[in-house]
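Data block below; observations after.
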Amino acid sequence: IPKSFVIPTKVRDKHSMSMFVTTDQLSLPPKYSDDETSPREKTQVNSKGSSDFCVKNIKQAEFGRREIEIAEQDMSALISLRKRAQGEKPLAGAKVVGCTHITAQTAVLIETLVALGAQCRWTACNIYSTQNEVAAALAESGVSVFAWKGESEDDFWWCIDRCVNVEGWQANMILDDGGDLTHWVYKKYPSVFKKVRGIVEESVTGVHRLYQLSKAGKLCVPAMNVNDSVTKQKFDNLYCCRESILDGLKRTTDVMFGGKQVVVCGYGEVGKGCCSALKALGAIVCVTEIDPICALQACMDGFKVVKLNEVVRQMDMVITCTGNKNVVTREHLDRMKNGCIVCNMGHSNTEIDVASLRTPELTWERVRSQVDHVIWPDGKRVILLAEGRLLNLSCSTVPSFVLSITATTQALALIELYNAPEGRYKQDVYLLPKKMDEYVASLHLPNFDAHLTELSDEQAKYMGLNKNGPFKPNYYRYDRCSKTTHHDFDYVQYTHFYCNVV
């Protein structure tokens with residue numbers, strides 16, 4: 001845009017009474033490069049002279065830094081944890097290799113781990129969710145990050161390998177979201193995998209993979225199941241998805257929700273959040289379920305429980321959130337009506353059989369970023385979002401506050417596993433203790449000016465509780481209905497340093 005160009009705006013320049021502001025007076029973010037050259041083919045260097053990273057454009061770092069600073073304002077609990085623990089450096093010597101969504105919020109987590117003493121190498125768990133400017137800011141700060149928005153499948157695995165396979169550096173901790181990093185290290189670098197002190201996993205898909213390894217006797221390191229911690233399930237999975245499902249759908253389709261027929265596949269915490277939000281805006285929502293307990297919950301919440309093939313012809317939207325595969329098949333897609341919106345809120349891209357749509361008789365038309373019209377020979381169009389990948393992080397953003405809860409839980413899990421004495425954890429999958437969940441929650445209460453009621457000695461004795469918690473037994477799952485087959489551990493070693501667990 002020429003500098004002489006005048007941009008009309010309803011916001012007055014604070015230095016002038018003019019209703020117009022020129023671009024000279026605006027602090028605009030760096031323009032995204034039109035260069036389609038793959039970042040793998042570029043040589044980039046940060047201001048410190050390091051080239052141990054691969055991002056879209058290192059020049060976007062300043063803009064990314066502003067994004068991170070904005071996220072920090074709503075992640076005060078994680079920043080509080082950083083300030084409390086950074087003096088002791090509880091992760092000194094930890095070499096963390098991570099595979100998560102690379103957003104401003106996860107950047108706050110990564111920089112917290114660095115402040116606590118860890119060395120980090122990072123890559124993205126989703127080819128569409130990376131915020132390029134944030135990846136650039138991390139690279140500029142010295143984090144070896146390999147990720148950019150719009151990676152190919154080959155790029156995705158190349159980035160993971162670059163994080164793991166580096167001369168003179170060997171990971172001793174894994175923080176994963178989806179299990180792809182864990183799978184890659186296990187398959188390609190078994191000697192590295194055996195020396196890892198612990199794995200922290202935050203997704204349904206990744207946890208399922210860990211249990212498969214454990215059941216087969218192939219999990220040779222302890223792992224922490226963050227996904228099934230209360231602070232992840234009840235806040236990230238439920239409340240985050242309740243808000244971000246609407247954001248993702250609005251940004252991509254501009255759809256009106258009132259009166260729309262919607263089927264949500266799966267009524268776990270993610271499904272509950274999606275159904276609640278859609279119902280509140282006037283959508284007519286029904287649910288598919290395999291679990292009779294979840295199905296009964298859906299019925300009691302006012303949703304009709306159906307089979308997908310019974311209703312798919314009438315639906316305006318089909319949303320998957322099961323963590324399973326082939327939930328929506330080609331047969332379902334063939335029967336959908338013109339204009340039906342299809343998207344996925346689960347971690348993996350396996351829920352919708354997208355591969356079955358890549359056939360000669362169907363035409364794909366990209367109408368905007370992350371929005372494809374798949375056109376049948378008779379002219380029918382199905383609107384597919386993010387090619388069946390995670391909608392909210394591929395097509396929009398998620399609230400910083402709720403991600404602070406998950407990120408704080410992840411940081412504590414890493415500290416616990418890294419500092420646990422040898423033999424404390426067997427080669428299995430563990431849940432965080434209730435006391436740690438409660439501590440994470442307590443860190444976030446000041447944001448609401450919330451004041452907890454304290455038990456009297458008499459009340460604590462009557463209930464058989466410690467006045468300082470935990471206030472629920474480990475088997476208490478609040479109101480969620482998922483089954484647990486993992487270890488709940490009652491002991492916490494290092495984290496008492498700053499949260500008075502012991």
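The values are calculated or read from the model by the stated rules, or taken from the named source; none is laboratory data. This one's a predicted model, so the numbers in the text were calculated from it and none came from an experiment. Because the Cβ atoms are built from the backbone with ideal geometry, glycine has one as well, and the counts that use them run over all protein chains shown. Please note that ligands, DNA and RNA were not included when accessible areas were found on the heavy atoms of the full protein model with its side chains. Shrake-Rupley method; radii C 1.70, N 1.55, O 1.52, S 1.80 Å.
Taking the numbered list (1) part of a helix (DSSP H, G or I); (2) over 28 Å from Tyr239 (Cβ atoms); (3) open to solvent by 30 Å² or more (accessible area, probe 1.4 Å); (4) not β-branched (Val, Ile, Thr) in turn, Leu333 passes all entries but (3).
Tell me, which helices (runs of 4 or more DSSP H) lie completely within region 245-317 with 2 or more residues that are crowded, with 19+ Cβ neighbours inside 10 Å? If you could, list the steps in order and put the result at the bottom.
Values: elements: 269-280, 292-300, 308-311.
It comes to 269-280, 292-300.
Of the residues in region 347-367, at least one is open to solvent by 20 Å² or more (accessible area, probe 1.4 Å), at pLDDT 95 or above, more than 22 Å from Glu151 (Cα to Cα) and not in a loop (DSSP other than H, G, I, E, B). Within region 256-276, the residues that satisfy the criterion of being within 17 Å of Phe235 (Cα to Cα) and under 19 Å from the mean Cα position of the chain (by Cα) are Tyr267, Gly268, Glu269, Val270, Gly271, Lys272, Gly273, Cys274. In the condition set (1) touching a Lys or Arg at 6+ places or on another chain (Cβ under 7 Å); (2) at pLDDT 95 or above; (3) under 29 Å from Trp148 (Cα atoms), Arg335 is compliant with all but (3).
Just to be sure before I move on: is Tyr430 surrounded by 13 or more Cβ atoms within 10 Å (Cβ to Cβ) and in contact with a Cys (Cβ under 7 Å, 6 or more places away or on another chain) in the structure I sent? Give the derivation first.
Details: surrounded by 13 or more Cβ atoms within 10 Å (Cβ to Cβ): yes; in contact with a Cys (Cβ under 7 Å, 6 or more places away or on another chain): no.
In short, no.
Could you say whether any residue in region 96-113 is farther than 15 Å from Ala407 by Cα and in contact (Cβ under 8 Å) with a residue 12 or more places away in the chain?
Our first condition is that a residue be farther than 15 Å from Ala407 by Cα; within region 96-113, this holds for 97.
Retained after the next criterion (residues that are in contact (Cβ under 8 Å) with a residue 12 or more places away in the chain): 97.
Within region 96-113 (the criterion being farther than 15 Å from Ala407 by Cα and in contact (Cβ under 8 Å) with a residue 12 or more places away in the chain), the answer is yes, since at least one residue qualifies.
Please count how many residues of region 208-259 are among the aliphatic types (A, V, I, L, M) and out of contact with any helix residue (DSSP H, G or I) (no Cβ under 8 Å at 6 or more places or on another chain). The total comes to 2. For region 183-212, taking the residues that are in contact (Cβ under 8 Å) with a residue 60 or more places away in the chain and hydroxyl-bearing (Ser, Thr, Tyr), the one that is most open to solvent (accessible area, probe 1.4 Å) is identified as Tyr211. Within region 11-25, none of the residues are surrounded by 15 or more Cβ atoms within 10 Å (Cβ to Cβ) and either modelled with pLDDT of 95 or more or part of a helix (DSSP H, G or I) (or both).
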